[in-house]
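Reviewing the structure listed below.
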Amino acid sequence: MELTLDSLSLSGRVSPRGLLQLQSLCFLSLSNNFIGTLSPDLTKVDNLSNNALSGRVSYEFFRKCGSLWSMSLANNAFDGELPSSLGSCASLAYLNF
């Protein structure tokens, strides 16, 4: 199942309960919203571009990427270097930062 929730003015935290626990979910896009915080629980989300995300990407975030093969984190306000845990994302073939 693919789910696109782009440009809906969603804000706050995306809970791991609910959307992220859908077993048949293979693509989730939350682009152009106001998520604000990059939680390690969001590693099932394929598109988090344009969400006013800021700060450093935590080590835990990429450690939990599992079988995700594509992710966009573009047009946010991150700072610092990408964590070494990015190397543990064996299935990740595309990363837009």
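Before moving on, here are some points about what is shown:
- Candidates 49, 72: the one that is touching a residue at least 40 places away in the same chain (Cβ under 8 Å) and farther than 16 Å from residue 8 by Cα is 72.
- Summed over region 4-15, the residues that are at pLDDT below 90 and either touching an Asp or Glu at 6+ places or on another chain (Cβ under 9 Å) or not in a loop (DSSP other than H, G, I, E, B) (or both) give a count of 4.
- Any hit, region 48-65, residues being in contact with a Ser or Thr (Cβ under 6 Å, 6 or more places away or on another chain) and among the charged types (D, E, K, R): yes
- Index of the failed condition, residue 45 passing every other in (1) modelled with pLDDT under 90; (2) open to solvent by 10 Å² or more (accessible area, probe 1.4 Å): (2)
- You will find that of 54, 31, 11, the residue that is open to solvent by 40 Å² or more (accessible area, probe 1.4 Å), more than 9 Å from the chain's Cα centre (by Cα) and under 14 Å from residue 76 (Cβ atoms) is 54 and no other.
- For residue 60, the conditions (1) in contact with a helix residue (DSSP H, G or I) (Cβ under 6 Å, 6 or more places away or on another chain); (2) of a type outside the set (Val, Ile, Thr); (3) surrounded by fewer than 19 Cβ atoms within 10 Å (Cβ to Cβ); (4) in a loop (DSSP other than H, G, I, E, B) are fulfilled apart from (4).
- Taken over region 63-73, the criterion of being crowded, with 18+ Cβ neighbours inside 10 Å, modelled with pLDDT under 90 and in contact with a strand residue (DSSP E or B) (Cβ under 9 Å, 6 or more places away or on another chain) is satisfied by 65 alone.
The values are calculated or read from the model by the stated rules, or taken from the named source; none is laboratory data. This one's a predicted model, so the numbers in the text were calculated from it and none came from an experiment. Here the Cβ is made from the backbone with ideal geometry for all residues, glycine too, and neighbour counts use every protein chain on show. Just so you know, the surface numbers come from the protein's heavy atoms only, side chains and all, with ligands and any DNA or RNA stripped out. Shrake-Rupley method; radii C 1.70, N 1.55, O 1.52, S 1.80 Å.
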